[in-house]
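Presented below is the structure to which this report refers.
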Amino acid sequence: EAGVVQSPRYKIIEKKQPVAFWCNPISGHNTLYWYLQNLGQGPELLIRYENEEAVDDSQLPKDRFSAERLKGVDSTLKIQPAELGDSAVYLCASSRSGTYSTDTQYFGPGTRLTVL
Amino acid sequence: KQEVTQIPAALSVPEGENLVLNCSFTDSAIYNLQWFRQDPGKGLTSLLLIQSSQREQTSGRLNASLDKSSGRSTLYIAASQPGDSATYLCAVKTSYDKVIFGPGTSLSVIP
């Protein structure tokens, strides 16, 4: 079974430029998560999808971040414009179900973003 | 607001030693607690998940315990190996359905 796929693995951009990350979850997983992980810290949730619906986006900085999950499968996370403080690893995870579930989250390898 | 801490931040042990990693959380109203492993440059891999009604879970050389009343969990690794070197993170799922991660403990097992 293929795991969670993310691309690109690394991205270096100038500040104020846009950037997009893509995630393909494990087949059959209804729940998709985007996390931000700073160096030496644990992941922090940005947004959680149940199928196509964003059920928790309370931590997503909506002035510059946006996300979509068309058809309830792949997802894209976008930052426009990027700021220096956005440099971090962006992790995507998926699980069979999410809400009050005991299902394990499976993580992708992440995209390491560097903003210069 | 739930906060999760892990002590120590880093740990170095000789191969073969048994060791304990600690995780503390401030709100005992949790749904479950999970331990993850993260290798450099990679995502997280789930090791053990303990439901709020359980006291411990075991998988091979790993044993995780949960004491909700004191807000603590421990991950016990028996007979450590160099391949165990990684960062270990705990995460609690709160009663309001949020997953909060600790900062992790970086473990080095010296051959």
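The values are calculated or read from the model by the stated rules, or taken from the named source; none is laboratory data. Keep in mind that this is a model prediction, so the values were computed, not measured. Cβ coordinates were reconstructed from backbone atoms using ideal geometry, including for glycine residues, and neighbour counts include every protein chain displayed.
I'd like to check something: does segment A:68-80 contain any residue that is loosely packed, with under 14 Cβ neighbours inside 10 Å and among the small types (Gly, Ala, Ser)?
no
Which ones in segment B:25-41 are of a type in the set (Phe, Trp, Tyr) and at the interface with chain A (Cβ under 10 Å from one of its Cβ atoms)?
B:TYR31, B:PHE36
The rows are residues; the columns are (1) in contact with a Leu (Cβ under 8 Å, 6 or more places away or on another chain); (2) β-branched (Val, Ile, Thr); (3) at pLDDT 95 or above.
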residue: B:ILE30; (1), (2), (3): no, yes, no
residue: B:TRP35; (1), (2), (3): yes, no, yes
residue: B:PRO40; (1), (2), (3): no, no, no
residue: B:ALA64; (1), (2), (3): yes, no, yes
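Which members of segment A:53-72 meet the condition of being within 14 Å of chain B (Cβ to nearest Cβ), outside any strand (DSSP E or B) and under 13 Å from the mean Cα position of the chain (by Cα)?
Those that are within 14 Å of chain B (Cβ to nearest Cβ), outside any strand (DSSP E or B) and under 13 Å from the mean Cα position of the chain (by Cα): A:ASP57, A:GLN59, A:LEU60.
Give the residue that is farthest from the other protein chains (Cβ to nearest Cβ), with candidates limited to residues of segment B:72-109 that are part of a strand (DSSP E or B) and of a type in the set (D, E, K, R). Don't jump to the end; show me each part of the working.
Restricting attention to segment B:72-109, the residues satisfying the condition of being part of a strand (DSSP E or B) are B:72-77, B:86-94, B:99-101, B:105-109.
Still in the running and of a type in the set (D, E, K, R): B:72, B:93.
On the way: B:ARG72: 17, B:LYS93: 8 Å.
By that ranking, first place goes to B:ARG72.
Any idea which residue in segment A:1-52 is farthest from the other protein chains (Cβ to nearest Cβ), counting only those that are more than 16 Å from A:ASP74 (Cβ to Cβ), in contact with a Pro (Cβ under 8 Å, 6 or more places away or on another chain) and buried (at least 17 other Cβ atoms within 10 Å of the Cβ)?
Here the residue is A:LEU36.
Determine whether segment B:15-24 contains at least one residue that is within 14 Å of chain A (Cβ to nearest Cβ), among the hydroxyl-bearing types (Ser, Thr, Tyr) and in a strand (DSSP E or B).
For segment B:15-24, residues within 14 Å of chain A (Cβ to nearest Cβ), among the hydroxyl-bearing types (Ser, Thr, Tyr) and in a strand (DSSP E or B): present.
Quick one: is B:LEU44 of a type outside the set (Ser, Thr, Tyr), in contact (Cβ under 8 Å) with a residue 12 or more places away in the chain, within 14 Å of chain A (Cβ to nearest Cβ) and surrounded by 14 or more Cβ atoms within 10 Å (Cβ to Cβ)?
For B:LEU44, the condition - of a type outside the set (Ser, Thr, Tyr), in contact (Cβ under 8 Å) with a residue 12 or more places away in the chain, within 14 Å of chain A (Cβ to nearest Cβ) and surrounded by 14 or more Cβ atoms within 10 Å (Cβ to Cβ) - is met.
Check B:GLN6 against each of (1) away from every other protein chain (no Cβ under 11 Å); (2) closer than 22 Å to A:ASN38 by Cβ; (3) in contact (Cβ under 8 Å) with a residue 40 or more places away in the chain and name the one condition it does not meet.
Failed condition: (1).
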